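To start, the structure itself, in structure tokens.
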Amino acid sequence: MTARSHWNGIRMRSVQAAADPDDAPRAVTLPVDWDDEAASALVRLARGQGPIRLATEAARWIDELAQGPHLAQARSLSCLLMLRQAAPTESLWTGEHDRRPGFVVNLCGFVQAGTGFLAEDFVAALRLLCLMLRDVAQRRAPLRNGELPFPPVPAPQPARARKGRAPAEDDPMPVPAVAGDLLLTNLDACLAALGLDYDSDAARDVACSLASLATLVAHEGSGADALLLPPARCAVPGLAETARAVWREAAVEIATPLPRICTGFSTPGPIDALLGAESCGLAPIFSPLRPDGRLAASTLARLAWRGLTPEAAFAAALAGEAVLTLPDIQAHQAMHRALTGFVDQMPARPDPAALPLRRRLALERGVRRHLPARHGGFTQKASVGGHRLFLRTGEYEDGTLGEIALTPARESAVARGLMDALGQAVSIGLQYGAPLDDYVAAFAYTRFGPAGTVEGDPVAAYATSLLDYAFRALSDAYLGNRLPDAPHQDPVADAPSPMLPLDLPAAPGETPPRRAGRLRLVG
């Protein structure tokens, strides 16, 4: 493997690690400055039972990507992994061809002390990764069984054209519309290295600038109409200028559109541990300590920006001063709302049940949390089996659900009153801290009329009742869980039909008379 030679001259160490405490440990060789969590992640990614060398494992996917005209890019890919700036997703690392490939980009790896964020290096790395993803998508198109399209039926050709080149069976398969994923991670550690608190307007502006920069690079060549505008302000010097320059380059539309690269944020997995990410994706770092009890790198960075040593910070904390303010679930939700729209795929909304201990105890003691007089939410108009329904929601400042209203348009006064009473009852329960999951489990897939095809909302195509549609829509909007449609069922066909004349039970030993026909009541 040619990529193994790129690791020459790097100091290595060997450690015994296992992916699970019950498994037998394996010898792992990795760079000296990589922690033991990276060794455990490497065990999860490597196959077999023998010793593991990072250079050998990385050479498998690097040599597969850097082929043909891209042979010179093997050193660049190795450097990105050495610096813990980027690594392939688990599907690309293990060579699973039926899953969409991707790369995880460590934002903190592009922050240099005394210089700030290396925007030009970040853009160059993203362009290299997009080039590799598009190339591997084209070469792996025949192997992606999970997304293998049906070949188009060739149109009949004239006799003269048939004498020429006919469509061959070995023609290359069409390249998938989405070539791969570009996932960002370790956002909070990046903000800490830049001297920014996670729960601040400046941090949210920087996060939006980084996300938009990655999306612009991934969508290059799609034209100005398909590109989003980068944020106008940014606290990091030079980042806004780089984003505008990338936008001008990406706005040039090319004749042949490139396969799309989807941007987003990573989910928990071994790749984040391999890159040394303190927090996954856009989530904040809720603890100032590492798992081994030492101060985290983000904590040391924030103390250094405040001009404090760990000893001075400890003395100030003993004196009762608030040295560092840790982010909470509200800060996580505010960051989630700020980044929505700057990437193609957002992770699930932060769990509103993970409230601070004081508020959680207050809710458990029966304290009602009223909605503010002016609050956000949405109104959704849809129809179920031709019966229109208006679903209205009310949200708290943190984006959690606190009120619903169900208003059928053309139902009887009794039906409207019952739906309104049910909405008020659910709203009171939510304001007292009842979890939305329980309401969804109770009312989703309930069966009663009206039921049928759903129009006006792509969340569902078929609903078994108005409540089934409403609570599945709430599950998709506030829990990030889109529930599938229930099997179609005709209640009239399954219900027993009354028969006339009545079939009375026969006396013992008597054969019931045979009837030539039966009458059926038709409504």
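The values are calculated or read from the model by the stated rules, or taken from the named source; none is laboratory data. Remember, it's a predicted structure, so these values are computed and weren't measured experimentally. All Cβ positions, glycine included, derive from the backbone under ideal geometry; neighbour counts span all protein chains shown.
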Q.
Regarding region 35-51, can at least one residue be identified that is closer than 30 Å to A235 by Cβ and in a helix (DSSP H, G or I)?
A. no
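Would it be correct to say that L326 is in contact (Cβ under 8 Å) with a residue 40 or more places away in the chain, touching a strand residue (DSSP E or B) at 6+ places or on another chain (Cβ under 9 Å) and not acidic (D, E)? Show your work before the answer.
Numbers: in contact (Cβ under 8 Å) with a residue 40 or more places away in the chain: yes; touching a strand residue (DSSP E or B) at 6+ places or on another chain (Cβ under 9 Å): no; not acidic (D, E): yes.
When the stated conditions are applied, L326 does not pass them.
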Q: Quick one: count up the residues across region 293-333 that are within 30 Å of the chain's Cα centre (by Cα), among the hydrophobic types (A, V, I, L, M, F, W, C) and in a helix (DSSP H, G or I).
A: 5
**Q.** Residues of region 197-221 classified as in a loop (DSSP other than H, G, I, E, B) and under 16 Å from F342 (Cα atoms), total
**A.** 2
Q: Output the qualifying pairs, or none if there are none: Cβ atoms under 6 angstrom, residues six or more apart or on different chains, first residue in region 23-41 and assigned by TED's automatic domain parsing to the domain that holds T56, second residue loosely packed, with under 15 Cβ neighbours inside 10 Å and part of a loop (DSSP other than H, G, I, E, B).
A: A27/P51; P31/I10; V32/R11
Q) Among helices (runs of 4 or more DSSP H) lying entirely in region 119-195, which contain 1 or more residues that are at pLDDT 50 or above? A) 119-139, 187-193
Q. Of these, A240, A251, which one is of a type in the set (A, V, I, L, M), within 30 Å of R306 (Cα to Cα) and modelled with pLDDT of 50 or more?
A. A240
Q | Selection within region 215-242 - among the small types (G, A, S) and without any contact (Cβ under 8 Å) to a residue 60 or more places away in the chain | A | G221, S222, G223, A224, A226, A232, A235, A240
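Given the criteria surrounded by fewer than 17 Cβ atoms within 10 Å (Cβ to Cβ), touching a Ser or Thr at 6+ places or on another chain (Cβ under 9 Å) and not charged (D, E, K, R), does L275 qualify? Can you show your working first?
Values: surrounded by fewer than 17 Cβ atoms within 10 Å (Cβ to Cβ): no; touching a Ser or Thr at 6+ places or on another chain (Cβ under 9 Å): yes; not charged (D, E, K, R): yes.
No: the conditions fail for L275.
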Q) Looking at (1) modelled with pLDDT of 85 or more; (2) at positive phi; (3) over 23 Å from the mean Cα position of the chain (by Cα), can you tell me which one G221 breaks? A) (1)
Q.
Going residue by residue through region 222-239, is there one that turns out to be surrounded by 16 or more Cβ atoms within 10 Å (Cβ to Cβ) and either assigned to a helix (DSSP H, G or I) or among the charged types (D, E, K, R) (or both)?
A. yes
Q: Assess whether A87 counts as being buried (at least 19 other Cβ atoms within 10 Å of the Cβ), part of a helix (DSSP H, G or I) and either outside the structural domain of R44 (by TED's automatic domain parsing) or not charged (D, E, K, R) (or both).
A: no
**Q.** Scan of region 314-348 for residues that are within 12 Å of F265 (Cα to Cα) and surrounded by 15 or more Cβ atoms within 10 Å (Cβ to Cβ), ordered by number
**A.** H336, L339, F342, V343, D344, M346, P347
Q. Out of all the residues in region 425-474, which are in contact with a Lys or Arg (Cβ under 7 Å, 6 or more places away or on another chain) and either closer than 21 Å to R388 by Cα or of a type in the set (K, R) (or both)?
A. A444, G456, V459, A460, T464, S465
**Q.** region 425-459 - residue that is touching a helix residue (DSSP H, G or I) at 6+ places or on another chain (Cβ under 6 Å) and among the small types (G, A, S) and, of those, modelled with the lowest pLDDT
**A.** G433
